[in-house]
Amino acid sequence: MEVVVASSSIDGGIGCWDVHTGAEQLRYKTCVSPPHGLACVGQRFLASSQLRDPSANSGCILYWSWSKPQVEVRSFPSEPIQPVAANREGTYIVGGGVSGDIYLWEVATGRQLRKWNAHYRAVTCLVFSDDDSLLISGSEDGSVKVWSLFMIFDDMRRQRSDHLYEHNFSEHTLRVTDIVVGYGGSNAIIVSASTDRTCKVWSLSKGKLLRNIVFPSIIDAIVLDPGEHVFYAGSRDGKIYVAALSAESTSKSNYGLHIINSLSNHSKAVTCLAYCARGNLLLSGSDDGMVRVWDAKTHNIVRVFKHAKGPVNNILVVRPELNFNFQPNSQASSRRHGSLLPPVLDKYRNPTDEDADTTTVIGLQSTCRKSIDPSYFSSHVINNQIKELQQQGSSAAAEMETERLKLECTRSMQMVQQWKKMYENLHQFCVNELLDSDQAGISNGNST
(Lines give C-alpha, C1' and ligand atoms only; values in the text may rest on other atoms or scores of the structure.)
Protein backbone atom coordinates (compact mmCIF):
# COMPACT_ATOMS: atom_id res chain seq x y z
CA MET A 1 0.00 0.00 0.00
CA GLU A 2 1.22 3.48 -0.88
CA VAL A 3 0.01 6.39 1.22
CA VAL A 4 0.25 10.14 1.02
CA VAL A 5 0.92 11.96 4.27
CA ALA A 6 0.39 15.69 4.64
CA SER A 7 1.21 18.13 7.42
CA SER A 8 0.48 21.78 8.12
CA SER A 9 1.99 24.84 9.74
CA ILE A 10 -1.15 24.95 11.91
CA ASP A 11 -1.79 22.21 14.47
CA GLY A 12 -4.04 20.02 12.36
CA GLY A 13 -2.00 16.85 12.76
CA ILE A 14 -0.75 14.71 9.88
CA GLY A 15 -3.31 13.41 7.40
CA CYS A 16 -2.76 10.01 5.80
CA TRP A 17 -4.63 8.54 2.81
CA ASP A 18 -4.23 5.59 0.46
CA VAL A 19 -3.04 7.16 -2.79
CA HIS A 20 -4.82 4.69 -5.05
CA THR A 21 -8.14 4.13 -3.25
CA GLY A 22 -8.53 7.45 -1.46
CA ALA A 23 -9.30 5.71 1.84
CA GLU A 24 -8.27 7.76 4.87
CA GLN A 25 -5.90 6.03 7.27
CA LEU A 26 -4.88 7.18 10.75
CA ARG A 27 -4.62 10.89 11.50
CA TYR A 28 -1.49 11.60 13.51
CA LYS A 29 -1.94 14.19 16.23
CA THR A 30 0.01 17.26 17.34
CA CYS A 31 2.08 18.47 14.42
CA VAL A 32 3.08 22.02 13.50
CA SER A 33 5.71 21.52 10.84
CA PRO A 34 7.78 24.06 8.91
CA PRO A 35 8.29 23.58 5.15
CA HIS A 36 10.43 20.47 4.49
CA GLY A 37 9.99 19.55 8.15
CA LEU A 38 8.37 16.14 7.57
CA ALA A 39 10.29 12.93 6.78
CA CYS A 40 9.69 9.20 6.64
CA VAL A 41 12.57 7.30 8.25
CA GLY A 42 13.35 4.08 6.41
CA GLN A 43 9.61 3.58 5.71
CA ARG A 44 9.34 2.67 9.42
CA PHE A 45 8.06 5.82 11.12
CA LEU A 46 7.37 9.51 10.61
CA ALA A 47 9.58 12.30 11.96
CA SER A 48 8.83 16.00 11.97
CA SER A 49 10.50 19.14 13.24
CA GLN A 50 8.26 21.54 15.12
CA LEU A 51 8.32 25.33 15.25
CA ARG A 52 5.30 26.47 17.21
CA ASP A 53 6.76 29.93 17.81
CA PRO A 54 9.04 31.21 15.02
CA SER A 55 10.74 33.57 17.48
CA ALA A 56 11.52 30.80 20.01
CA ASN A 57 15.11 29.73 20.61
CA SER A 58 14.26 26.05 20.90
CA GLY A 59 12.30 23.47 18.97
CA CYS A 60 11.68 19.75 18.91
CA ILE A 61 11.59 16.71 16.63
CA LEU A 62 8.70 14.27 17.03
CA TYR A 63 8.30 10.59 16.04
CA TRP A 64 5.07 8.73 15.19
CA SER A 65 4.80 5.02 14.49
CA TRP A 66 2.42 4.00 11.72
CA SER A 67 0.09 2.21 14.13
CA LYS A 68 -0.50 4.96 16.74
CA PRO A 69 -1.88 8.48 16.29
CA GLN A 70 -0.08 9.89 19.33
CA VAL A 71 3.45 11.26 19.39
CA GLU A 72 5.71 8.53 20.79
CA VAL A 73 9.18 10.12 20.97
CA ARG A 74 10.09 13.76 21.58
CA SER A 75 13.61 15.09 21.02
CA PHE A 76 14.82 18.58 21.87
CA PRO A 77 17.78 19.73 19.76
CA SER A 78 20.01 22.58 20.89
CA GLU A 79 18.32 25.02 18.49
CA PRO A 80 15.17 25.20 16.35
CA ILE A 81 15.35 22.78 13.43
CA GLN A 82 13.54 23.60 10.18
CA PRO A 83 14.13 20.97 7.45
CA VAL A 84 14.66 17.32 8.32
CA ALA A 85 15.63 14.43 6.05
CA ALA A 86 16.57 10.77 6.39
CA ASN A 87 18.71 8.62 4.14
CA ARG A 88 17.08 5.77 2.22
CA GLU A 89 17.90 3.06 4.76
CA GLY A 90 16.75 5.17 7.69
CA THR A 91 20.17 5.08 9.35
CA TYR A 92 20.67 8.80 9.71
CA ILE A 93 18.47 11.81 10.35
CA VAL A 94 19.78 15.24 9.43
CA GLY A 95 18.34 18.55 10.54
CA GLY A 96 18.98 22.11 9.41
CA GLY A 97 19.17 24.75 12.12
CA VAL A 98 18.08 28.38 12.01
CA SER A 99 21.72 29.28 12.74
CA GLY A 100 22.89 27.69 9.48
CA ASP A 101 24.30 24.58 11.19
CA ILE A 102 23.50 21.04 10.02
CA TYR A 103 23.11 18.22 12.55
CA LEU A 104 23.51 14.51 11.77
CA TRP A 105 22.17 11.86 14.16
CA GLU A 106 22.39 8.08 14.15
CA VAL A 107 18.81 6.79 14.32
CA ALA A 108 19.49 3.49 16.11
CA THR A 109 21.19 5.14 19.10
CA GLY A 110 20.09 8.77 18.91
CA ARG A 111 23.74 9.85 19.03
CA GLN A 112 24.67 13.14 17.43
CA LEU A 113 27.50 12.09 15.15
CA ARG A 114 28.27 15.37 13.43
CA LYS A 115 27.45 19.07 13.53
CA TRP A 116 28.95 21.62 11.17
CA ASN A 117 28.42 25.20 10.10
CA ALA A 118 26.96 24.95 6.61
CA HIS A 119 25.45 28.35 5.81
CA TYR A 120 25.53 31.96 6.94
CA ARG A 121 21.78 31.99 7.47
CA ALA A 122 19.04 29.44 8.30
CA VAL A 123 18.98 26.13 6.44
CA THR A 124 15.74 25.86 4.42
CA CYS A 125 15.93 22.45 2.73
CA LEU A 126 17.90 19.18 2.89
CA VAL A 127 17.90 16.21 0.53
CA PHE A 128 20.03 13.09 0.07
CA SER A 129 21.25 11.87 -3.31
CA ASP A 130 19.70 8.62 -4.56
CA ASP A 131 22.75 6.60 -3.44
CA ASP A 132 22.91 8.38 -0.05
CA SER A 133 26.53 9.43 -0.62
CA LEU A 134 25.73 13.15 -0.88
CA LEU A 135 23.68 15.61 1.14
CA ILE A 136 22.45 18.78 -0.56
CA SER A 137 21.38 21.81 1.46
CA GLY A 138 19.72 25.12 0.62
CA SER A 139 19.58 28.24 2.74
CA GLU A 140 18.11 31.67 3.27
CA ASP A 141 21.51 33.00 2.14
CA GLY A 142 20.66 31.85 -1.41
CA SER A 143 23.35 29.17 -1.65
CA VAL A 144 23.03 25.49 -2.52
CA LYS A 145 25.82 23.32 -1.12
CA VAL A 146 26.73 19.71 -1.79
CA TRP A 147 28.27 17.66 1.03
CA SER A 148 29.96 14.28 0.72
CA LEU A 149 29.22 12.01 3.68
CA PHE A 150 32.63 10.40 3.13
CA MET A 151 34.20 13.79 3.81
CA ILE A 152 31.90 14.51 6.74
CA PHE A 153 32.93 11.24 8.45
CA ASP A 154 36.64 11.34 7.51
CA ASP A 155 38.37 13.41 10.19
CA MET A 156 41.74 13.41 8.43
CA ARG A 157 40.28 14.67 5.15
CA ARG A 158 38.28 17.29 7.05
CA GLN A 159 41.46 18.59 8.69
CA ARG A 160 43.39 18.75 5.41
CA SER A 161 40.62 20.39 3.39
CA ASP A 162 40.01 24.12 3.10
CA HIS A 163 36.24 23.51 3.12
CA LEU A 164 33.86 20.62 3.70
CA TYR A 165 31.53 21.06 0.74
CA GLU A 166 32.01 19.49 -2.69
CA HIS A 167 30.19 22.29 -4.51
CA ASN A 168 28.88 25.70 -3.52
CA PHE A 169 26.30 27.00 -6.00
CA SER A 170 25.64 30.64 -5.18
CA GLU A 171 23.84 32.01 -8.25
CA HIS A 172 20.47 32.44 -6.51
CA THR A 173 19.99 35.98 -5.26
CA LEU A 174 17.35 35.20 -2.64
CA ARG A 175 16.20 32.41 -0.30
CA VAL A 176 16.30 28.82 -1.62
CA THR A 177 12.83 27.29 -1.28
CA ASP A 178 13.27 23.72 -2.56
CA ILE A 179 15.82 21.27 -3.99
CA VAL A 180 15.39 18.00 -5.87
CA VAL A 181 18.07 15.55 -7.02
CA GLY A 182 17.94 13.23 -10.00
CA TYR A 183 19.30 9.71 -10.37
CA GLY A 184 22.98 8.91 -10.72
CA GLY A 185 24.66 9.77 -7.42
CA SER A 186 27.56 12.12 -8.09
CA ASN A 187 26.58 12.27 -11.79
CA ALA A 188 23.02 13.44 -11.12
CA ILE A 189 21.43 16.80 -11.78
CA ILE A 190 20.11 19.14 -9.11
CA VAL A 191 17.18 21.50 -9.55
CA SER A 192 16.83 24.33 -7.05
CA ALA A 193 14.04 26.90 -6.60
CA SER A 194 14.22 30.32 -5.00
CA THR A 195 12.17 33.35 -4.11
CA ASP A 196 14.09 35.12 -6.88
CA ARG A 197 11.49 33.47 -9.22
CA THR A 198 14.05 31.18 -10.85
CA CYS A 199 14.71 27.47 -10.94
CA LYS A 200 18.27 26.49 -11.73
CA VAL A 201 19.50 23.14 -13.06
CA TRP A 202 22.97 22.10 -11.93
CA SER A 203 25.36 19.32 -12.97
CA LEU A 204 26.98 17.51 -10.05
CA SER A 205 29.70 15.93 -12.20
CA LYS A 206 30.67 19.23 -13.84
CA GLY A 207 29.88 21.46 -10.89
CA LYS A 208 28.25 24.12 -13.01
CA LEU A 209 24.91 25.68 -13.97
CA LEU A 210 23.19 23.97 -16.90
CA ARG A 211 19.96 25.94 -17.19
CA ASN A 212 18.27 28.95 -15.63
CA ILE A 213 14.49 29.22 -15.91
CA VAL A 214 12.58 32.36 -14.92
CA PHE A 215 8.97 31.87 -13.80
CA PRO A 216 6.03 34.30 -13.67
CA SER A 217 5.75 33.87 -9.89
CA ILE A 218 7.78 32.62 -6.93
CA ILE A 219 8.31 28.84 -6.89
CA ASP A 220 8.06 27.12 -3.50
CA ALA A 221 8.04 23.46 -4.56
CA ILE A 222 9.56 21.32 -7.30
CA VAL A 223 9.55 17.64 -8.23
CA LEU A 224 11.13 15.66 -11.07
CA ASP A 225 9.22 13.26 -13.26
CA PRO A 226 10.83 9.77 -13.09
CA GLY A 227 12.21 10.01 -16.63
CA GLU A 228 13.80 13.39 -15.86
CA HIS A 229 12.40 14.90 -19.06
CA VAL A 230 10.54 17.63 -17.18
CA PHE A 231 10.11 18.98 -13.68
CA TYR A 232 7.01 20.43 -12.04
CA ALA A 233 7.17 23.75 -10.22
CA GLY A 234 4.51 24.79 -7.69
CA SER A 235 3.96 28.53 -7.71
CA ARG A 236 2.49 31.14 -5.40
CA ASP A 237 0.00 32.07 -8.11
CA GLY A 238 -1.69 28.66 -7.60
CA LYS A 239 -0.34 27.13 -10.83
CA ILE A 240 1.94 24.13 -11.33
CA TYR A 241 4.30 24.87 -14.20
CA VAL A 242 5.86 22.14 -16.34
CA ALA A 243 9.45 22.95 -17.35
CA ALA A 244 11.64 21.07 -19.81
CA LEU A 245 14.97 19.56 -18.78
CA SER A 246 16.07 18.16 -22.14
CA ALA A 247 18.81 20.17 -23.80
CA GLU A 248 17.07 20.34 -27.16
CA SER A 249 13.97 21.99 -25.73
CA THR A 250 14.38 25.71 -26.27
CA SER A 251 10.84 26.63 -27.26
CA LYS A 252 9.33 29.68 -25.59
CA SER A 253 5.71 29.47 -24.43
CA ASN A 254 3.43 32.20 -23.11
CA TYR A 255 4.97 31.59 -19.66
CA GLY A 256 8.63 31.90 -20.65
CA LEU A 257 11.61 30.02 -22.02
CA HIS A 258 11.60 26.24 -21.29
CA ILE A 259 8.14 26.39 -19.61
CA ILE A 260 5.99 24.10 -21.73
CA ASN A 261 2.68 23.84 -19.83
CA SER A 262 0.83 24.51 -16.59
CA LEU A 263 -1.78 22.88 -14.34
CA SER A 264 -4.26 25.03 -12.49
CA ASN A 265 -6.88 24.15 -9.89
CA HIS A 266 -5.61 25.35 -6.50
CA SER A 267 -7.15 28.58 -5.23
CA LYS A 268 -4.01 29.56 -3.29
CA ALA A 269 -0.25 29.08 -3.46
CA VAL A 270 1.11 25.59 -4.23
CA THR A 271 3.47 24.82 -1.35
CA CYS A 272 4.61 21.22 -1.88
CA LEU A 273 4.79 18.54 -4.57
CA ALA A 274 5.40 14.79 -4.69
CA TYR A 275 5.41 12.11 -7.37
CA CYS A 276 4.04 8.57 -7.28
CA ALA A 277 5.68 6.49 -10.01
CA ARG A 278 3.07 3.75 -9.67
CA GLY A 279 0.16 5.11 -11.64
CA ASN A 280 2.20 8.08 -12.89
CA LEU A 281 0.60 10.46 -10.41
CA LEU A 282 1.58 14.00 -9.45
CA LEU A 283 0.50 15.21 -5.99
CA SER A 284 0.26 18.83 -4.90
CA GLY A 285 -0.41 20.52 -1.57
CA SER A 286 -1.55 24.09 -1.17
CA ASP A 287 -2.32 26.93 1.20
CA ASP A 288 -5.97 26.21 0.36
CA GLY A 289 -5.74 23.13 2.62
CA MET A 290 -6.18 20.63 -0.21
CA VAL A 291 -4.03 17.81 -1.58
CA ARG A 292 -4.76 17.12 -5.24
CA VAL A 293 -3.76 13.99 -7.14
CA TRP A 294 -3.18 14.55 -10.86
CA ASP A 295 -2.76 12.14 -13.74
CA ALA A 296 0.63 13.34 -14.97
CA LYS A 297 -0.13 12.30 -18.55
CA THR A 298 -3.59 13.82 -19.02
CA HIS A 299 -3.29 16.53 -16.33
CA ASN A 300 -6.71 15.52 -15.02
CA ILE A 301 -7.41 15.49 -11.28
CA VAL A 302 -7.85 11.92 -10.06
CA ARG A 303 -8.88 12.68 -6.45
CA VAL A 304 -8.75 15.36 -3.80
CA PHE A 305 -7.89 15.08 -0.09
CA LYS A 306 -8.77 17.78 2.43
CA HIS A 307 -6.46 18.40 5.35
CA ALA A 308 -8.28 18.75 8.67
CA LYS A 309 -7.07 22.24 9.43
CA GLY A 310 -4.97 24.96 7.89
CA PRO A 311 -2.67 25.11 4.86
CA VAL A 312 -0.74 22.07 3.66
CA ASN A 313 3.04 22.63 3.62
CA ASN A 314 4.48 19.08 3.38
CA ILE A 315 3.42 15.98 1.47
CA LEU A 316 5.19 12.63 1.12
CA VAL A 317 4.35 9.47 -0.80
CA VAL A 318 5.57 6.42 1.13
CA ARG A 319 5.05 2.69 1.40
CA PRO A 320 5.03 2.09 5.17
CA GLU A 321 6.36 -1.06 6.77
CA LEU A 322 3.26 -1.80 8.80
CA ASN A 323 4.72 -4.95 10.35
CA PHE A 324 8.05 -3.40 11.24
CA ASN A 325 9.13 -4.02 14.85
CA PHE A 326 12.06 -1.76 15.69
CA GLN A 327 13.84 -2.64 18.91
CA PRO A 328 16.26 0.06 20.09
CA ASN A 329 19.52 -0.95 21.71
CA SER A 330 18.45 0.59 25.00
CA GLN A 331 15.58 -1.36 26.55
CA ALA A 332 15.35 1.30 29.24
CA SER A 333 14.64 3.99 26.67
CA SER A 334 11.96 1.77 25.16
CA ARG A 335 10.24 1.36 28.52
CA ARG A 336 10.61 5.05 29.27
CA HIS A 337 8.88 6.09 26.06
CA GLY A 338 6.48 3.16 25.99
CA SER A 339 7.49 2.75 22.37
CA LEU A 340 9.41 0.45 20.08
CA LEU A 341 10.68 3.44 18.15
CA PRO A 342 14.34 4.50 18.43
CA PRO A 343 15.49 6.58 21.43
CA VAL A 344 15.49 10.37 21.57
CA LEU A 345 18.08 12.32 19.59
CA ASP A 346 20.97 13.75 21.60
CA LYS A 347 20.79 17.47 22.26
CA TYR A 348 24.57 17.78 22.10
CA ARG A 349 27.37 15.61 20.88
CA ASN A 350 28.81 13.45 23.64
CA PRO A 351 32.44 14.46 24.35
CA THR A 352 33.35 10.78 24.66
CA ASP A 353 32.26 10.34 21.04
CA GLU A 354 34.79 12.88 19.74
CA ASP A 355 37.42 10.19 19.31
CA ALA A 356 35.00 7.29 19.00
CA ASP A 357 34.84 5.12 15.92
CA THR A 358 31.91 6.26 13.81
CA THR A 359 32.98 4.44 10.67
CA THR A 360 29.99 3.09 8.77
CA VAL A 361 29.72 -0.54 7.77
CA ILE A 362 27.77 -2.01 4.88
CA GLY A 363 26.05 -5.36 4.61
CA LEU A 364 25.47 -6.66 8.15
CA GLN A 365 21.81 -7.59 7.72
CA SER A 366 22.51 -11.31 7.50
CA THR A 367 24.07 -11.38 10.96
CA CYS A 368 21.69 -9.00 12.71
CA ARG A 369 18.20 -9.52 14.01
CA LYS A 370 15.65 -9.21 11.26
CA SER A 371 14.01 -6.39 13.17
CA ILE A 372 17.10 -4.20 12.73
CA ASP A 373 17.00 -3.46 9.07
CA PRO A 374 19.37 -0.54 8.30
CA SER A 375 22.51 -1.67 6.49
CA TYR A 376 24.75 1.13 7.79
CA PHE A 377 25.83 1.10 11.43
CA SER A 378 28.67 2.55 13.45
CA SER A 379 30.96 0.09 15.23
CA HIS A 380 29.45 1.33 18.52
CA VAL A 381 26.15 -0.27 17.46
CA ILE A 382 27.91 -3.42 16.24
CA ASN A 383 29.61 -3.91 19.61
CA ASN A 384 26.26 -3.62 21.40
CA GLN A 385 24.74 -6.20 19.06
CA ILE A 386 27.68 -8.58 19.62
CA LYS A 387 27.19 -8.40 23.40
CA GLU A 388 23.46 -9.07 22.98
CA LEU A 389 24.05 -12.09 20.76
CA GLN A 390 26.75 -13.45 23.09
CA GLN A 391 24.34 -13.26 26.03
CA GLN A 392 21.80 -15.17 23.95
CA GLY A 393 24.42 -17.79 23.07
CA SER A 394 23.88 -17.11 19.38
CA SER A 395 26.41 -18.24 16.80
CA ALA A 396 25.78 -14.96 14.98
CA ALA A 397 27.95 -13.25 17.62
CA ALA A 398 31.04 -14.91 16.16
CA GLU A 399 30.07 -13.80 12.68
CA MET A 400 29.58 -10.23 13.83
CA GLU A 401 32.88 -10.35 15.73
CA THR A 402 34.51 -11.33 12.42
CA GLU A 403 32.80 -8.40 10.71
CA ARG A 404 34.03 -6.07 13.44
CA LEU A 405 37.60 -7.32 13.07
CA LYS A 406 37.34 -6.87 9.31
CA LEU A 407 36.16 -3.31 9.88
CA GLU A 408 39.09 -2.58 12.21
CA CYS A 409 41.52 -4.17 9.75
CA THR A 410 40.13 -2.11 6.86
CA ARG A 411 40.33 1.08 8.88
CA SER A 412 43.88 0.27 9.98
CA MET A 413 44.92 -0.34 6.38
CA GLN A 414 43.38 2.99 5.40
CA MET A 415 45.32 4.70 8.17
CA VAL A 416 48.53 3.01 6.99
CA GLN A 417 47.92 4.23 3.46
CA GLN A 418 47.26 7.74 4.70
CA TRP A 419 50.45 7.77 6.80
CA LYS A 420 52.39 6.30 3.89
CA LYS A 421 51.14 9.06 1.60
CA MET A 422 52.01 11.70 4.18
CA TYR A 423 55.51 10.20 4.54
CA GLU A 424 56.00 10.20 0.76
CA ASN A 425 54.89 13.83 0.56
CA LEU A 426 57.21 14.81 3.40
CA HIS A 427 60.10 12.89 1.82
CA GLN A 428 59.53 14.59 -1.52
CA PHE A 429 59.39 17.96 0.19
CA CYS A 430 62.72 17.35 1.94
CA VAL A 431 64.35 16.17 -1.28
CA ASN A 432 63.11 19.27 -3.11
CA GLU A 433 64.41 21.50 -0.34
CA LEU A 434 67.86 19.86 -0.49
CA LEU A 435 67.98 20.12 -4.27
CA ASP A 436 66.95 23.78 -4.15
CA SER A 437 69.59 24.45 -1.51
CA ASP A 438 72.30 22.72 -3.55
CA GLN A 439 71.23 24.58 -6.67
CA ALA A 440 71.40 27.87 -4.80
CA GLY A 441 74.91 27.02 -3.53
CA ILE A 442 76.10 26.21 -7.05
CA SER A 443 74.65 29.45 -8.38
CA ASN A 444 76.39 31.46 -5.67
CA GLY A 445 79.67 29.69 -6.38
CA ASN A 446 79.47 30.46 -10.09
CA SER A 447 78.69 34.12 -9.43
CA THR A 448 81.81 34.51 -7.30
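For region 110-157, a residue qualifies if it is out of contact with any helix residue (DSSP H, G or I) (no Cβ under 9 Å at 6 or more places or on another chain), at pLDDT 95 or above and outside any strand (DSSP E or B), and the qualifying residues are ALA118, HIS119, TYR120, ARG121, ALA122, GLU140, ASP141, GLY142, SER143. Does ASN87 count as out of contact with any His (no Cβ under 6 Å at 6 or more places or on another chain) and open to solvent by 30 Å² or more (accessible area, probe 1.4 Å)? No, not satisfied.
The single residue among ARG44, ARG52 that is of a type in the set (Lys, Arg) and either in contact with a helix residue (DSSP H, G or I) (Cβ under 8 Å, 6 or more places away or on another chain) or over 25 Å from SER139 (Cβ atoms) (or both) turns out to be ARG44. Looking at region 194-211, which of the residues that are among the polar types (S, T, N, Q) and open to solvent by less than 20 Å² (accessible area, probe 1.4 Å) is farthest from the chain's Cα centre (by Cα)? Filtering region 194-211 for residues that are among the polar types (S, T, N, Q) and open to solvent by less than 20 Å² (accessible area, probe 1.4 Å), the one farthest from the chain's Cα centre (by Cα) comes out as THR198.
Scanning region 47-69 for residues that are farther than 16 Å from VAL5 by Cβ and part of a loop (DSSP other than H, G, I, E, B) yields LEU51, ARG52, ASP53, PRO54, SER55, ALA56, ASN57, SER58, GLY59. Kindly evaluate ILE189 against the criterion of being open to solvent by less than 10 Å² (accessible area, probe 1.4 Å) and under 16 Å from the mean Cα position of the chain (by Cα). Criteria not met by ILE189.
Candidates in region 212-250 are the residues that are without any contact (Cβ under 8 Å) to a residue 24 or more places away in the chain and part of a strand (DSSP E or B); of these, the one that is surrounded by the most Cβ atoms within 10 Å (Cβ to Cβ) is VAL242.
The values are calculated or read from the model by the stated rules, or taken from the named source; none is laboratory data. The structure displayed is predicted, hence computed values, not measured ones. Cβ sites come from the backbone with ideal geometry, for glycine too, and all protein chains shown count toward neighbours. Accessible surface is based on the protein model in full, side chains and every heavy atom, while ligands, DNA and RNA are left aside. Shrake-Rupley method; radii C 1.70, N 1.55, O 1.52, S 1.80 Å.
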